[in-house]
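Please treat every number below as a calculation from the coordinates, not as lab data. Fair warning: this is a prediction, and the values are worked out from it, not measured in the lab. FYI the Cβ positions are ideal-geometry reconstructions off the backbone, even for glycines, and counts take in every protein chain you see.
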Amino acid sequence: MNFLIAGGYDTKNLGDYASFLGLKKILGKDHNYTILSRHPNDNFSSEFNVKCVKNLDHETKEESRGRIFNGFNSGDDNSHLLEIYQEIKKCNALILGNGRLFVDISLGFMTGPLSYYATLVTLAKFIGKPIILYSVSLVHPKTEQGKSHLKFILDNADLILVRESSSAEVALSYLKRNNKLHILPDIAFYLSSEDKKESNILIPQDAIGVNFRGVDFTAETSSSEVKNNANKVVNLIKNYNKNIVFISQCFYQVDKKNTDDREINKLIFNKIPSEYKKRCTFIDKELTLSQTLFIYSKITHLFTTRRHGFILSLTQGTGASLICNEVNTQIVKETVEIPELFIDKNSEFIIPEIDKASLNEQLKKLSQECMKYKEHIDYVIVTAAHQTIGNLA
């Protein structure tokens, strides 16, 4: 089968990479996967052995100023438009996911993510292809126009697989028919220790990992937040007499630097006094998903502001504390029901005492639940195929 997939696979975010790998493992590695990408020539295609096709984005935000989607402005090279059309035409399903894709961070005529996904949905609808939303979180757009776009996408989707009950509640406020809506765990919970790859990166024995997300730091709070988190890392060294590993999980800085975790991790690392800095390992190279999983498997505990940092660490048998700075991290509590694993940004870094047997049982159940992605997706594709044959008859 041929799957056409659109999501955040072009921003070097290993959380998105993990979700794609989970999908590919569940659906089967022998299918053809084509990814619509802002940067089709980056390393995603080689890392996962998939085809990447240029999407409707401009290369940079600066290039997009005063313009609509790439290919629809005077003088644009529009060869990728035909390629997108051909990929939709030959696919068995258009799959949108994972994450919070449907937000009106920018919205106008043929601009922004909501308009982009609505355009793909329109094309798929014209050609009669099933439309699937997988492993998504939904929030209400801030504008009425945004809400109209989201309603259009949800109404026309054949299958909506959300990651938590709060997202289901959002979806139900727009839908007249709810039999296409299902709640399943974040698909990254399907990853396992088999997905890591041995790396020559030297990780101190019995070390603690930390990972900070740069976009959580605003211009007003950045200086104080950096110093505050540096102090927390120092206290980790003092309290546990362990080494620290700074681990980054997003490496994208095309439009601004703070979307690259290495930038904020480096700021915090540099604020640590020299006598404690020598107990820290800062990994500056861009990592693959499998290398990062290997690092997670080697540390004893992770403190992270990233939803998928938390999930991926758990899949590698390493405990983790999720720093809940935003809704996307707070709602993970609905899935992993161990309150001790969740802290807020003002909390000190204290390794929690947890019932490992209970945690492992939850993780096993979540992984098994993820298999239902295939069940639901297969059903939609088979149903669509039967409808096509019936129409031809």
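The table for this structure:
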quantity: DSSP beta bridge pairing in the chain, given as percent antiparallel to the nearest 5; calculated: 5
quantity: Neighbour-count order for ARG67, ARG306, ARG262, fewest beta carbons within 10 angstrom listed first; calculated: ARG67, ARG262, ARG306
quantity: Fewest-first sequence of SER148, SER167, SER74 by Cβ atoms within 10 Å of each Cβ; calculated: SER74, SER148, SER167
quantity: Efficiency of FRET between GLU169 and LYS142 - r from beta-carbon atoms, R0 22 angstrom, step 0.05; calculated: 0.80
quantity: Among ASP30, ASP42, ASP155: highest mean-square fluctuation, GNM of the chain, C-alpha pairs under 10 Å; calculated: ASP30
quantity: Qualifying lysines (Cα of each under 20 Å from Cα of LYS356; at least 8 residues distant if same chain); calculated: LYS298, LYS333, LYS364, LYS365
quantity: Average projection area in nm² (convex hull over Cα atoms of the range 194-354, one quarter of hull surface); calculated: 9.3
quantity: Length-normalised contact order for the chain - Cα pairs under 8 Å, 6+ apart - percent; calculated: 16
quantity: Segment ILE105-LYS285, extension gain: residue separation times 0.36 nm, minus the distance between their alpha carbons; calculated: 61.8 nm
quantity: Nearest-ten-degree value, helix 356-370 long axis tilted from longest Cα axis of the chain; calculated: 20
quantity: Set of lysines with alpha-carbon distance to LYS147 below 19 Å, sequence-local pairs under 8 removed; calculated: LYS176
quantity: Two-decimal Rg/Rh across the chain, once Rg and the Kirkwood Rh are taken from alpha-carbon atoms; calculated: 0.97
quantity: Distance (nanometres) between label positions extended 7 Å along Cα→Cβ at SER274 and THR122; calculated: 6.2
quantity: Reciprocal of mean inverse Cα separation for the range 62-138 (Kirkwood radius, Å); calculated: 13.7
quantity: The range 133-242: GluC sites (Glu not before Pro) in DSSP coil with no more than 12 other Cβ atoms inside 10 Å; calculated: GLU198, GLU220
